[in-house]
Amino acid sequence: MMKRSTVIFCLSGCVLFAACSTTAEPVIVAGPDSLSSNITAPITLAEAKSEACPAALLEAGANAKDCRCIETRLYDLGQIPGALSPNGDAPKAIFGGDGGRRKIAIALLRHDAIEQCGLFDPGHIVAQNL
């Protein structure tokens, strides 16, 4: 016959084992730095600043005033509901997952911001150099 303490130990182990095997995956709460993992979240000020003026735009002649304009317009455009919603479900292998698709969506909005800031106007140095 088994001792009472052995039975209680075995039952406790079985209960703990069952609890661990049926526990749901932990929910990770996204902090402000991890918004890029959600493709449709509004653009943050930090994203707008970092994505406003890529090197190619600076090499084409964009100045600090142009970059501030693009940053402001990009942020404003990125606050519109659905602005970063994907049109269809592109393969993640091409774009590197949701983060890559988000960067592409932001780049498309950046194009609109650049146009709104006049960098595509024929007289602007950037338009002349591109």
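The values are calculated or read from the model by the stated rules, or taken from the named source; none is laboratory data. From a predicted model like this one, the values you see are computed outputs, not experimental measurements. Quick reminder, even Gly has a Cβ in these numbers, built from the backbone with ideal geometry, and neighbours come from all protein chains shown.
Just for helices (runs of 4 or more DSSP H) wholly inside the stretch 32-130: which have at least 2 residues that are modelled with pLDDT of 90 or more and surrounded by 17 or more Cβ atoms within 10 Å (Cβ to Cβ)?
Helices (runs of 4 or more DSSP H) meeting the threshold: 45-52, 64-78, 97-116.
Report, by residue number, each residue of the stretch 60-70 that is touching a residue at least 24 places away in the same chain (Cβ under 8 Å) and either over 16 Å from residue 114 (Cα atoms) or of a type outside the set (A, V, I, L, M) (or both).
61, 66, 69
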